[in-house]
Structures are given as C-alpha cells and as structure tokens.
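Q: Have a look at the structure that comes next, please.
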C-alpha cells in the first residue's frame with residue numbers, strides 16, 4: 001500500500017502565558033496508506049483533535065515531521081498550507097458548518113469558488129457532488145429547510161466537490177440519531193470503498209469506529225493502541 005500520511009515523533013505544545021506549557025501531543029508516530037479508512041479514538045484531551053488539526057494543515061507541530069503524500073507540511077508557508085487544504089483535503093464537522101439561509105448548491109460551490117473556477121464549472125461540480133450523496137432533489141433547498149442528516153450530506157458534498165484525496169471527519173455523527181448516523185457512515189464507507197478516498201475519522205463511539213478498517217487509540221497525547 002502506498003504511503004499517504006507519515007507522522008514522525010510529532011509533538012505539539014501550547015503555551016498559557018509566558019511559562020505554562022500544555023503538551024497536547026507527546027511523540028506521535030503513525031503511517032496511513034493511500035485509501036485507508038482510519039478511526040481515531042480517545043477521551044477528551046487525548047490529543048486526537050490536535051492531531052486532526054495538524055493533518056488538516058490548520059496548525060503545525062512544535063517538533064517532529066508530518067508528511068502528506070511525501071510533502072513535509074511544517075516546511076510550508078501559510079499560503080502553501082491553504083492551497084493544500086483547498087485542493088487535497090475535504091472537511092466534515094459535527095455541527096455541519098453550513099451557511100444559513102443559503103441553498104445546498106451554494107454551500108457546496110464555496111470551495112470551488114475559492115479555487116477560482118467559473119460559474120458554470122462551480123455549478124456542474126456542486127450538482128455532481130450533491131448527486132453522489134443522494135440529494136439530487138434538494139439542491140435549491142436552504143440549509144434551514146433540511147434535516148440534520150440532509151445537512152450533513154450537504155457538508156459531505158462540500159468536502160467532495162474539489163475531488164480531495166483525503167477527507168477528515170470530526171465526529172460527523174455527533175448530532176445525529178442512530179439511523180441517520182448509519183446512513184452517513186454508509187456514505188463515507190462508499191466513498192472509501194468505491195472511490196478510494198483516504199478517510200480519517202474522529203469519534204468517541206465504538207459502533208461508528210467499526211465502519212473504519214483500522215482504529216487508533218490516543219491517550220494523554222500518545223498512541224496507546226493501533227488495530
């Protein structure tokens with residue numbers, strides 16, 4: 001399997017004031033192959049969200065190396081990190097993060113807008129992404145006219161629209177009921193199985209983690225189990 005993500009002795013320390021250090025990651029090493037579906041688990045404060053922020057090019061480590069497709073992220077400028085975020089990474093969050101009183105289509109078009117595509121291309125890519133998540137008939141509905149599950153489908157479509165090689169899903173079922181959670185996880189599983197998109201999922205729910213092929217457990221800023 002081709003190496004896709006490589007973390008080597010990652011440390012991340014936050015500072016409160018001048019002299020209080022708060023270590024969030026304490027030497028995390030992990031490799032993820034291209035096309036893997038990995039669940040990151042652990043209690044609050046275990047470092048899993050910090051690790052997700054580093055993978056998403058939202059932050060850089062204090063020490064250690066993090067490579068995405070053999071590109072060392074800590075060596076890049078903020079503009080270069082932003083470009084990778086937009087071109088290679090799709091984000092799915094617990095709270096959907098959709099623009100209110102804005103249509104499904106317009107929400108999904110946003111990442112393509114930032115990439116400079118013209119209106120016709122934005123429209124085509126957004127419609128295709130919404131069709132892939134089963135929302136062909138809801139493209140003009142406003143966010144507040146959709147159920148929670150439909151809003152998360154829009155969020156997944158938005159994550160897909162730039163054809164990313166990596167999807168980072170942070171507690172994507174946290175605000176959904178059991179049946180809707182299963183539907184959302186089936187969509188993510190299909191994106192991995194059929195399209196080969198690498199997926200990193202953060203969850204604290206064991207039944208959700210079972211959709212992944214691999215579970216990695218964090219505690220106190222380290223990896224304590226990888227199965």
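Q: When you scan the range 106-114, do you find a residue that is touching a residue at least 12 places away in the same chain (Cβ under 8 Å), out of contact with any strand residue (DSSP E or B) (no Cβ under 7 Å at 6 or more places or on another chain), exposed (fewer than 14 other Cβ atoms within 10 Å of the Cβ) and part of a helix (DSSP H, G or I), even just one?
A: Yes, the range 106-114 contains at least one residue that is touching a residue at least 12 places away in the same chain (Cβ under 8 Å), out of contact with any strand residue (DSSP E or B) (no Cβ under 7 Å at 6 or more places or on another chain), exposed (fewer than 14 other Cβ atoms within 10 Å of the Cβ) and part of a helix (DSSP H, G or I).
Q: Exactly one of these conditions fails for residue 73: (1) in contact (Cβ under 8 Å) with a residue 40 or more places away in the chain; (2) surrounded by 15 or more Cβ atoms within 10 Å (Cβ to Cβ). Give me its number.
A: Failed condition: (1).
Q: Given the range 133-226, what strands (runs of 3 or more DSSP E) lie entirely inside it while holding 2 or more residues that are in contact with a helix residue (DSSP H, G or I) (Cβ under 7 Å, 6 or more places away or on another chain) and under 16 Å from residue 37 (Cβ atoms)? Please lay out each step first, then the result.
A: On the way: elements: 166-170, 198-202, 214-219, 222-226.
Where strands (runs of 3 or more DSSP E) fall fully within the range 133-226 and carry at least 2 residues being in contact with a helix residue (DSSP H, G or I) (Cβ under 7 Å, 6 or more places away or on another chain) and under 16 Å from residue 37 (Cβ atoms), they are 166-170, 198-202.
Q: Looking at residue 65, is it farther than 30 Å from residue 142 by Cα, touching a residue at least 40 places away in the same chain (Cβ under 8 Å) and surrounded by fewer than 16 Cβ atoms within 10 Å (Cβ to Cβ)? Before the answer, list the steps.
A: On the way: farther than 30 Å from residue 142 by Cα: yes; touching a residue at least 40 places away in the same chain (Cβ under 8 Å): yes; surrounded by fewer than 16 Cβ atoms within 10 Å (Cβ to Cβ): yes.
Yes.
Q: Still on this structure, I have one more. May I ask you to verify whether residue 100 is in contact with a helix residue (DSSP H, G or I) (Cβ under 7 Å, 6 or more places away or on another chain), surrounded by 21 or more Cβ atoms within 10 Å (Cβ to Cβ) and either modelled with pLDDT under 95 or not in a loop (DSSP other than H, G, I, E, B) (or both)? Don't jump to the end; show me each part of the working.
A: Details: in contact with a helix residue (DSSP H, G or I) (Cβ under 7 Å, 6 or more places away or on another chain): yes; surrounded by 21 or more Cβ atoms within 10 Å (Cβ to Cβ): no; either modelled with pLDDT under 95 or not in a loop (DSSP other than H, G, I, E, B) (or both): yes.
No; evaluated as a whole, the condition is false for this residue.
The values are calculated or read from the model by the stated rules, or taken from the named source; none is laboratory data. Predicted model only: the values in this text are computed from it and were never measured. Neighbour counts run over all protein chains shown; Cβ positions are idealised from the backbone, glycine included.
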